[in-house]
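Report on the structure given below.
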Amino acid sequence: MKFPWDQWVGTDAGRVVMRIKRLASFRGRNVDLHGFVGADEPGCYHTHPARAVRVVLWGGYVEELEDGTRKTWRPGMVGLIRPELSHRVAELRNGRFSLSLWIRGRCTHPINLRGSGWGKPLCASCGNALTDDEQHYYGATCETCEGQQFHAEKAADVIDFEALRAERNRQMEALRVRVADELGVPLQEARTNFNPSACYCACGTRGPCEHSWDGPEWESDDGLASSSTCSRCGCTAMSHDLRNAF
């Protein structure tokens, strides 16, 4: 999705698992979009502040209840959420992204986070930890930044980019193994131009970005194009913007 997300929720290692976009709010009742970009940590369950209706719009995911029961939610499925429901997202059906419409009533219960892998919800604009009120009511942004554009230099203090890169690389290797198996190609011959040392970047979904655009300027051989570069990984800003433009 190409609009700015209002909030993101992640693990204690800084791995983003869900982004939230507020669409409407009326007297404590909210309509949000929930964009799931990763599974919750094993053993980490959560309850909800109010009754809600979820409508899976795209992708879908596997839900795991605290008693171990699992259910697959596919696009088009609708479900009622009770405040006391304790569950987690165990996996995404396509391994990448799932989008749901979330219609929530007035808050009546505290949110209980069970398990040791939860991170404190952070403002998607600046990376500051949200206050109890802001995270309880899924506030749009924290009062500190009032919705300023996300800055990687601020996020670096609170986001574990090393852990994010490791998880990205793990997923890419799993994809390489799967594709090789589906095509019947020996794994050692399944080559890719993916660079595991490249900076972590989730700009395509308005997530955290590790790039620092203060590297030496790049110029094409014919001198007709130039671009700033990332001092960390050498990526050009031009290729970065083209990759995240659609």
| 5 angstrom amide H check on Met77, placed H, neighbours 5+ away | Val56
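Note down the net charge around Arg70, summing +1 for each Lys or Arg and -1 for each Asp or Glu among other residues with Cβ under 9 Å from its Cβ. Could you put the intermediate results ahead of the total?
Values: positive: Lys71; negative: Glu63, Glu64.
Here the charged neighbours net out to -1.
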| Loop-located chymotrypsin sites (Phe, Trp or Tyr not before Pro) in region 164-229 whose Cβ has at most 13 other Cβ within 10 Å (DSSP) | Phe194
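Could you work out what % of the accessible surface of region 39-101 is carbon and sulfur, using a 1.4 angstrom probe and leaving DNA, RNA and ligands out of the count? Please report the intermediate quantities before stating the final value.
On the way: 1510 of 2870 Å².
Solvent-exposed carbon and sulfur of region 39-101 make up 53 percent of the total.
The values are calculated or read from the model by the stated rules, or taken from the named source; none is laboratory data. Since the model is a prediction, treat every value here as computed from it, not as a measurement. Note: ideal-geometry Cβ built from the backbone for every residue, glycine included; neighbour counts use all protein chains shown. Side chains included, ligands, DNA and RNA excluded: accessible areas come from the protein's heavy atoms. Shrake-Rupley method; radii C 1.70, N 1.55, O 1.52, S 1.80 Å.
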